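Peer 1: Below you will find the structure I want to go over with you.
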Amino acid sequence: MNIKEKNIIWLNMFEGLTLNKKEEILSLFDGQDIRKYFYSKPQLKQLVNEMEYTKMSNMLDDYILENELTYCEKNNVIILFRDDPNFPQLLLEIDSPPLCLYCKGNIQLLNTKCVAVVGTRKPTEYGIVVTKQYVKEFVDFDLTIVSGLASGIDTIAHTTALQHEGKTIAVLAGGFDCIYPKSNSYLARKLTENNLLISENRPNCPHLNYLFPIRNRIIAGLSEAVVIPEAGINSGTMHTKNFAIDYNRELFAVPGKITSPQSAGSNAIIKEFPTAITTEPKDVMIAINVDLNKNLENSNIQLDILSQSVLNYIQTEKHTFQEIADHLKLTASELNAKMFELEMAGLVIKLSNNSYIKA
């Protein structure tokens, strides 16, 4: 690791420093070891406040930085800097790319074709269904799903990608040791196995509130398109929408009920940007030049008569398990086996109250 890279890791140990401040400090020292030449640059006191300066002056010993690097190595944290060939090229296009990315998992995903799927933390049943349908089809066409590991739409996007053996990247606001929400700690561990967690913040950086909108620029920057299945008007998702526009990414929102608070943001986006409307996943894939014929052979799944009957019945609206059984004149055990089979194949989505709809 060269001097500049060590300088970056050392600066990342001070949570209050903004990206702009870090870049100004790096420029001031111009390739010199900041810790070694710390007192030779009086201009530094104009770049940081008194508290920051004092904290820095107390952390100049080599062992402090070495402990940080050792911790990352022992915990399988890979650090990618902007000039690393594995650093996501699309992210370099934005006006404020991270100085580095802390990564756990499969870093090869960073340069795959990515689509962001983000939205409300309190989705309706409609939002859940839409998210699962879109993510499943994106996975079928080998797209990588990017989201923020938040509750609601983000969690559904990641778990649906895993369910269908797809690729997914979670972008964290804080560090790997401070997963938020805590209920997603298991999901985060799962993602490190074959998929990926990333953050621009050191592993034990807490999930401070101001970091979430800053994190959203990475979600948009990594992705060729940002898809919003459901979002409220004051949702943090609206920050991601703004970044998508700033970075010239394709932006899509699924229309929802005008009486639903969870769709107020999505509907507002469509009202402002009519071309952002999407009613099926292929709208997104056409916009980012996905070959819709490449998986055609995989879509022609051979279904038996009973499976087709089930899918026809739940094609346009949800039905309870009992309604399906009554309609098809099946016993509970007969239908249970069939619904499990269809759910595992990703052809139906199980909802609350033991009801189903076609995926």
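Rundown of residues vs (1) surrounded by fewer than 22 Cβ atoms within 10 Å (Cβ to Cβ); (2) among the acidic types (Asp, Glu); (3) touching a residue at least 12 places away in the same chain (Cβ under 8 Å), yes/no style:
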{"position": "Glu93", "(1), (2), (3)": "yes, yes, yes"}
{"position": "Ser96", "(1), (2), (3)": "yes, no, yes"}
{"position": "Tyr102", "(1), (2), (3)": "no, no, yes"}
{"position": "Thr112", "(1), (2), (3)": "yes, no, yes"}
{"position": "Tyr126", "(1), (2), (3)": "yes, no, yes"}
{"position": "Val129", "(1), (2), (3)": "yes, no, yes"}
{"position": "Lys136", "(1), (2), (3)": "yes, no, yes"}
{"position": "Val146", "(1), (2), (3)": "no, no, yes"}
{"position": "Leu172", "(1), (2), (3)": "no, no, yes"}
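Peer 1: Let me ask you something else. Somewhere in segment 190-197, is a residue open to solvent by 20 Å² or more (accessible area, probe 1.4 Å), more than 17 Å from Phe14 (Cβ to Cβ) and among the acidic types (Asp, Glu)?
Peer 2: The answer is yes; a qualifying residue exists.
Peer 1: Additional query: Could you say which residue among Met1, Met13 is open to solvent by 60 Å² or more (accessible area, probe 1.4 Å) and within 32 Å of the chain's Cα centre (by Cα)?
Peer 2: Met1 is the lone residue from the list that is open to solvent by 60 Å² or more (accessible area, probe 1.4 Å) and within 32 Å of the chain's Cα centre (by Cα).
Peer 1: List pairs: first residue in segment 272-292 and under 17 Å from Ile145 (Cα atoms), second residue at pLDDT 95 or above and among the basic types (Lys, Arg) anywhere in the structure, Cβ distance under 8 angstrom, at least six positions apart or on different chains.
Peer 2: Here the result reads Ile288/Lys113; Val290/Lys113, each pair linking segment 272-292 to a residue that is at pLDDT 95 or above and among the basic types (Lys, Arg).
Peer 1: Okay, moving on. Quick check on segment 30-44. Is at least one of its residues out of contact with any strand residue (DSSP E or B) (no Cβ under 7 Å at 6 or more places or on another chain), charged (D, E, K, R) and part of a helix (DSSP H, G or I)?
Peer 2: No, there is no match, as no residue in segment 30-44 is out of contact with any strand residue (DSSP E or B) (no Cβ under 7 Å at 6 or more places or on another chain), charged (D, E, K, R) and part of a helix (DSSP H, G or I).
Peer 1: Please give the number of the condition Leu80 fails out of (1) more than 35 Å from the chain's Cα centre (by Cα); (2) surrounded by 13 or more Cβ atoms within 10 Å (Cβ to Cβ).
Peer 2: Every listed condition holds for Leu80 apart from (1).
Peer 1: Taking the stated definitions as given, is Lys122 over 23 Å from Lys167 (Cβ atoms) and within 31 Å of the chain's Cα centre (by Cα)?
Peer 2: Judged against the criteria, Lys122 is a match.
Peer 1: I'm checking my understanding of the structure. Among residues of segment 340-358 that are crowded, with 16+ Cβ neighbours inside 10 Å and either farther than 13 Å from His319 by Cα or in contact with a Cys (Cβ under 8 Å, 6 or more places away or on another chain) (or both), which one is modelled with the lowest pLDDT?
Peer 2: Ranking the qualifying residues of segment 340-358, first place goes to Gly346.
Peer 1: Can you find even one residue in segment 322-339 that is outside any strand (DSSP E or B), on the phi > 0 side of the Ramachandran plot, open to solvent by 20 Å² or more (accessible area, probe 1.4 Å) and free of Cβ contacts under 8 Å to residues at least 24 places away in the same chain?
Peer 2: Within segment 322-339 (the criterion being outside any strand (DSSP E or B), on the phi > 0 side of the Ramachandran plot, open to solvent by 20 Å² or more (accessible area, probe 1.4 Å) and free of Cβ contacts under 8 Å to residues at least 24 places away in the same chain), the answer is yes, since at least one residue qualifies.
Peer 1: How many of the residues in segment 242-268 are part of a helix (DSSP H, G or I), within 20 Å of the chain's Cα centre (by Cα) and among the hydrophobic types (A, V, I, L, M, F, W, C)?
Peer 2: Result for segment 242-268: 3.
Peer 1: Additional query: Would you pick out the residues in segment 241-255 that are within 17 Å of Leu92 (Cα to Cα) and either open to solvent by less than 20 Å² (accessible area, probe 1.4 Å) or among the aromatic types (Phe, Trp, Tyr) (or both)?
Peer 2: Within segment 241-255, Phe243, Ala244, Tyr247 meet the criteria.
Peer 1: Right, next: Could you figure out which of (1) more than 10 Å from the chain's Cα centre (by Cα); (2) within 25 Å of Asp95 (Cα to Cα); (3) of a type outside the set (Gly, Ala, Ser) isn't true of Tyr180?
Peer 2: Exception for Tyr180: condition (2).
Peer 1: Which ones in segment 16-29 are in a loop (DSSP other than H, G, I, E, B) and either more than 33 Å from the chain's Cα centre (by Cα) or among the β-branched types (Val, Ile, Thr) (or both)?
Peer 2: Thr18
Peer 1: Of the residues Gln89, Gln108, which single one is farther than 30 Å from Gly256 by Cα, within 16 Å of the chain's Cα centre (by Cα) and surrounded by fewer than 18 Cβ atoms within 10 Å (Cβ to Cβ)?
Peer 2: Sole residue among the options that is farther than 30 Å from Gly256 by Cα, within 16 Å of the chain's Cα centre (by Cα) and surrounded by fewer than 18 Cβ atoms within 10 Å (Cβ to Cβ): Gln108.
The values are calculated or read from the model by the stated rules, or taken from the named source; none is laboratory data. From a predicted model like this one, the values you see are computed outputs, not experimental measurements. Counting neighbours? That spans all protein chains shown, and the Cβs are built from the backbone with ideal geometry, glycine included. Keep in mind that these areas ignore ligands, DNA and RNA; they rest on the heavy atoms of the full protein, side chains included. Shrake-Rupley method; radii C 1.70, N 1.55, O 1.52, S 1.80 Å.
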